[in-house]
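Presented below is the structure to which this report refers.
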Amino acid sequence: MKIMSFQASLATAAILTAAWLASPVSAQTPTQPAAPAQSTAPAASPVPAAAAPTAAAPAAPSATVPAAKPDVFGAPPVMKELSPWVMFMSADVVVKAVMIGLAFASLMTWTVLIAKSIELSVASTKLRSALKKIAEVRSLAEAQMALGAKEGILPSFLAAALREARMSAGLSSDTGIKERAASSFQEIVRAEARRIRIGMGVLATIGSTSPFVGLFGTVWGIMNSFIGISKSQTTNLAVVAPGIAEALLATAIGLVAAIPAVIIYNHFSRVTKSYLELVSRASGAAGRLLSRDLDRSHGSVHSRAAE
């Protein structure tokens, strides 16, 4: 019994000893996670620093959104000055060539205006003065002496009349002489009309073709503008306006060249018609002098025959 009680007491003591030994281990096991908790506590301090960027991260879009707004909804960017010279320098090579050609055509128009005005004025003044000088003469010879050796349309008529009278000397029919002289006068009138209309064909060509040439430059420039729009993928007016303005400048220059050309052509048509009327008067004056000379010569022949 004592042995059994001793064994029971040993077993009890062993259990108690094991329980006592196990109690510190169980007590340390919860404290070991605490150490990492203390070690992680300093590591938790960077968490606000990491949280700061996350808090500041939403601020970045707010800063970039207003920066993108002026391109779409805000004021347009500062545009370059769209003066005619700047638009010309910025235009395409084809549009530049069109503008230069139209400017040259406009220069030709004004050159023809100045040259033809001087030519018609001088020719009309000389012809009126010559008609006044022969207004009181009685024969072709007197008319040539009154005019002298000057060149002009009226001396040409007098020379043609004298030449025809000399070549028809000895013929009995005065009608044939007058008809041949009138034919010579018509040739001189046509030659003078062709001469005095030199340059008017240029005005007609410029007036009729300049608007279409300018329109070609406009179409070409607008085509390039649309190509630029497709490349930039934007319809902002600041991007589109310069190219369209450069294209429309070609049409404007075409109209600037065409409108004065048409007006000047119509003006010269009226002035040329007035001058050709003076030429017809000179032709009639030469014809009358020739008729007097023929009648006078036949009168002298008849008087000699009567004697």
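The values are calculated or read from the model by the stated rules, or taken from the named source; none is laboratory data. Only a predicted model underlies this, so the values are computations on that prediction, with no experimental measurement involved. FYI the Cβ positions are ideal-geometry reconstructions off the backbone, even for glycines, and counts take in every protein chain you see.
Pick from region 142-155 the residues that are free of Cβ contacts under 8 Å to residues at least 12 places away in the same chain and among the hydrophobic types (A, V, I, L, M, F, W, C): which of them is surrounded by the most Cβ atoms within 10 Å (Cβ to Cβ)?
This residue is MET145.
May I ask you to verify whether SER129 is surrounded by 14 or more Cβ atoms within 10 Å (Cβ to Cβ) and either outside any helix (DSSP H, G or I) or modelled with pLDDT of 90 or more (or both)? First the steps, then the outcome.
Working: surrounded by 14 or more Cβ atoms within 10 Å (Cβ to Cβ): no; either outside any helix (DSSP H, G or I) or modelled with pLDDT of 90 or more (or both): yes.
Here the answer is no, as SER129 does not meet what is asked.
Residues checked against (1) in contact (Cβ under 8 Å) with a residue 40 or more places away in the chain; (2) part of a loop (DSSP other than H, G, I, E, B); (3) surrounded by fewer than 17 Cβ atoms within 10 Å (Cβ to Cβ):
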residue: LYS178; (1), (2), (3): yes, no, no
residue: PHE185; (1), (2), (3): yes, no, no
residue: GLU192; (1), (2), (3): yes, no, no
residue: ARG195; (1), (2), (3): no, no, yes
residue: ALA204; (1), (2), (3): yes, no, yes
residue: SER210; (1), (2), (3): yes, no, no
residue: GLY217; (1), (2), (3): yes, no, no
residue: SER225; (1), (2), (3): no, no, no
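Given the conditions (1) among the acidic types (Asp, Glu); (2) under 31 Å from the mean Cα position of the chain (by Cα); (3) surrounded by fewer than 16 Cβ atoms within 10 Å (Cβ to Cβ), report the number of the one that GLU246 does not fulfil.
Going through the list (1) among the acidic types (Asp, Glu); (2) under 31 Å from the mean Cα position of the chain (by Cα); (3) surrounded by fewer than 16 Cβ atoms within 10 Å (Cβ to Cβ), GLU246 breaks only (3).
Tally up the residues in region 212-240 that are out of contact with any Pro (no Cβ under 6 Å at 6 or more places or on another chain), of a type outside the set (Ser, Thr, Tyr) and modelled with pLDDT under 85, please.
11
Taking ARG138 as the residue in question, decide whether it is over 51 Å from the mean Cα position of the chain (by Cα) and part of a loop (DSSP other than H, G, I, E, B).
Values: over 51 Å from the mean Cα position of the chain (by Cα): yes; part of a loop (DSSP other than H, G, I, E, B): yes.
Answer is yes for this residue.
Pairs only if they're at least six apart or on different chains, beta carbon under 6 angstrom, first in region 249-276 and free of Cβ contacts under 8 Å to residues at least 60 places away in the same chain and assigned to a helix (DSSP H, G or I), second crowded, with 16+ Cβ neighbours inside 10 Å and of a type in the set (Gly, Ala, Ser); list them, first residue then second.
THR251/GLY214; ALA258/GLY207; ALA258/SER210; VAL262/GLY207
Do we have any residue at all in region 110-127 that's touching a Leu at 6+ places or on another chain (Cβ under 8 Å) and under 17 Å from GLY287 (Cα atoms)? Step through it out loud before you land on a result.
From region 110-127, those touching a Leu at 6+ places or on another chain (Cβ under 8 Å) are 112, 124, 127; that's our starting set.
So of that shortlist, the ones also under 17 Å from GLY287 (Cα atoms) come out as 127.
Yes, region 110-127 contains at least one residue that is touching a Leu at 6+ places or on another chain (Cβ under 8 Å) and under 17 Å from GLY287 (Cα atoms).
Can we say THR218 is hydroxyl-bearing (Ser, Thr, Tyr) and out of contact with any helix residue (DSSP H, G or I) (no Cβ under 7 Å at 6 or more places or on another chain)? Spell out how you get there, then give the answer.
On the way: hydroxyl-bearing (Ser, Thr, Tyr): yes; out of contact with any helix residue (DSSP H, G or I) (no Cβ under 7 Å at 6 or more places or on another chain): no.
Spelling it out, it is not the case that THR218 is hydroxyl-bearing (Ser, Thr, Tyr) and out of contact with any helix residue (DSSP H, G or I) (no Cβ under 7 Å at 6 or more places or on another chain).
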